[in-house]
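Everything on this sheet refers to the single structure shown next.
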Amino acid sequence: MQKKVIFSWILSLILVAIILSIIDVEKVIQGILKIGLINFVFLSALYSVSFLFRALRWKSILHPMTKISLKDSFLITNTGFFVNALLPARTGEIARAYLLSKKKNLGKIKSFSTVLLDRIIDGLTLFLFFIFAVFLIEIPEEIKKILLIPAVIFIISFFFFLKPDKFKFIGRIFAKMFPSIKGKIKYIFEETKQAGNVFYSEKKELGLILIYSVLIWTIESLVFYFTAQFIGIPLTLFHVFLLIVIVGFATMIPSAPSYVGTFEAGFVLFFLAFGLNQNSAISMGILIHLIQTVVIMVLGLISIHKLNISFKSISKINFNEIKNKIKGN
């Protein structure tokens, strides 16, 4: 088993244990039951819309390299999230790249780089939401310091796609250390460079990517906001912008399937930083997590059916096998 997978499970179990030690389970359940079935269905429907914009964004990212239909982009995106809900360590990103490479006969490294770029744009959009929140609410210094690290990582990652030639010195260092993979390193840089061409393509495509990104995270913010209102947690929309940034960055850490532990930890961190009740944090976190999981599972099952992929084959996906296929040319 991959060390990364082991780490993911251990991290999630530790976080779950810590969370259980600081909450009152009965009060958490009472908070969850406040939502009501109609509100739950409404929030699920609202969250579902974000996947349409995710598909549209990925379609625009792929535009300089290959043409993909909105239907295929939607189905493959849904499948990637579905695999993430079933398997640890964000295996869905690799599965998504693998499905794209098979569907469009696109190089596997290039396919993976478009998925990675898609996630980096998510991180940059969250960073913009954080900047927006900074000017509207008073944010504890501890939160600012915690968010600074992932923000810097995503900014550097973004510039790597924008100007990969500027980072070739890293490739040269690895090539000297491992001469046998010198050709592979050069290949990876060239493929990544092509994925970054989206920033030099038509301004229309770049504008659409930015619009879709804002819409995706605005919809998710509204799901967070309405959930808080429905169960009686006094959060403003501006506080929700910060909350979704924290949770968004937290779930980018490799964890157990469906981001168990890291997702709820983001809520606890935010609520404790603002002096709010941790039981309310977990009630809200579990509710939103449940909403997201239900939507992802429903869309995922529909998508694997449309893509003619069996549930059995999805459930038996091997992390190492897919990773090796992506590394292969």
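Nothing in this text is a laboratory measurement; each read-out follows from the coordinates by a stated rule. Predicted model, so just to flag it, every value in this text is computed and none were measured. No Cβ is skipped: glycine too gets one built from the backbone with ideal geometry, and neighbour counts run over all protein chains shown.
Sum up the charges of everything whose Cβ sits under 12 Å from the Cβ of LYS71, counting Lys and Arg as +1 and Asp and Glu as -1, but leave LYS71 out. Net of charged neighbours comes to +2. Rounded, prolate or oblate for region 62-112? Axes are the square roots of the Cα gyration tensor eigenvalues, ordered a ≥ b ≥ c, and the cut-off for rounded is a/c under 1.5. The shape class here is oblate. Ranked by the mean number of other Cβ atoms within 10 Å per residue, highest first, peptides 112-125, 24-37 order as 112-125, 24-37.
Neighbour counts of other Cβ atoms within 10 Å put TRP217, TRP58 in the fewest-to-most order TRP217, TRP58. Structure shown: which of LYS59/LYS103; LYS67/LYS103; LYS104/LYS204; LYS67/LYS110; LYS27/LYS145; LYS108/LYS204 lie over 21 Å apart, alpha-carbon to alpha-carbon? Over 21 Å apart, Cα to Cα: LYS104/LYS204; LYS27/LYS145; LYS108/LYS204. Among MET284, MET297, MET65, the order by Cβ neighbours within 10 angstrom, fewest to most, reads MET297, MET65, MET284. If R0 is 25 Å, the Cβ-Cβ spacing of VAL41 and LEU206 corresponds to a FRET efficiency of close to 0.10.
Residue exposure proxy: LYS145, LYS71, LYS104, ordered by other Cβ atoms within 10 angstrom of their Cβ from fewest to most, comes out as LYS145, LYS71, LYS104. Put the Cα centre of region 30-71 next to the Cα centre of region 230-286 and the gap is 19 Å.
Apply 1/(1 + (r/R0)^6) to the Cβ-Cβ distance of SER69 and ARG119, taking R0 = 22 Å, and write down the FRET efficiency to the nearest 0.05.
On the way: r = 22 Å, r/R0 = 0.99.
Once rounded, the FRET efficiency stands at 0.50.
Residues in region 293-308 carry Karplus couplings, in order, of 5, 4, 5, 4, 5, 5, 5, x, 5, 5, 5, 5, 5, 5, 7, 6 Hz; the curve used is 6.51 cos²θ - 1.76 cosθ + 1.60 with θ = phi - 60°, and Gly or Pro positions show x.
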